[in-house]
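First comes the structure, then the notes that go with it.
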Amino acid sequence: METTAFNLHQTIDTITKAIEAVICHMLFDFALHGIVISIALVIIAAYLSSHKHPYAASMLRVAKRILIFCLFVAMPGALSLLINRHLPDAGVFNFNSIGLLSFWSLISVHLVFEEINNSIVKKNKMDRA
């Protein structure tokens, strides 16, 4: 049985590159898809507000929250793009855009319904008072 010497420096370098790839590349892709969904929510909310729909404001608040979260999460990747002109190599990493868009859609639907529910509860409390 052949043994190889353990190289701590090489191991730490590999772990550092993996963490950098996750934080900069993978989270950037994740946040980019969230930004796309929040833009879609803004468009839908604008259409609904032009028709004086009561849930347009709820959708706009959710879109704003998702956009702020995604911009915060995408910051390391954006800085990597600005500084290095490319995202760090992520090896065999592969995200499916349909899956990420579906994931963000589910999150946004849940948040929109929660926001609508909260606005209805607030309205009922104000009507009672």
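The values are calculated or read from the model by the stated rules, or taken from the named source; none is laboratory data. This one's a predicted model, so the numbers in the text were calculated from it and none came from an experiment. Every residue, glycine among them, receives a Cβ derived from its backbone with ideal geometry; neighbour counts consider all protein chains shown. Accessible surface is based on the protein model in full, side chains and every heavy atom, while ligands, DNA and RNA are left aside. Shrake-Rupley method; radii C 1.70, N 1.55, O 1.52, S 1.80 Å.
Details
- Single condition Cys24 does not satisfy, out of (1) part of a helix (DSSP H, G or I); (2) within 23 Å of Leu106 (Cα to Cα): (2)
- Being farther than 18 Å from Ser108 by Cα and crowded, with 21+ Cβ neighbours inside 10 Å is a property that does not hold for His51.
- Residue list for segment 54-83, filter: open to solvent by 60 Å² or more (accessible area, probe 1.4 Å), part of a helix (DSSP H, G or I) and over 19 Å from Trp104 (Cα atoms): Leu79, Leu81, Leu82, Ile83
- Of the residues making up segment 84-129, those that are more than 19 Å from the chain's Cα centre (by Cα) and open to solvent by 100 Å² or more (accessible area, probe 1.4 Å) number 11.
- Test result for Ile12, over 21 Å from the mean Cα position of the chain (by Cα), surrounded by fewer than 18 Cβ atoms within 10 Å (Cβ to Cβ) and of a type in the set (Val, Ile, Thr): yes
- On inspection, Ser119 does not qualify as hydroxyl-bearing (Ser, Thr, Tyr), free of Cβ contacts under 8 Å to residues at least 60 places away in the same chain and not in a loop (DSSP other than H, G, I, E, B).
- Single residue of Phe30, Phe6 found to be among the aromatic types (Phe, Trp, Tyr) and assigned to a helix (DSSP H, G or I): Phe30
- Inter-residue pairs, beta-carbon under 6 Å, first open to solvent by 30 Å² or more (accessible area, probe 1.4 Å) and in segment 31-47, second among the small types (Gly, Ala, Ser), 6+ apart: Val42/Ala63
- Residue in segment 93-114 that is touching a residue at least 12 places away in the same chain (Cβ under 8 Å) and at positive phi present: no
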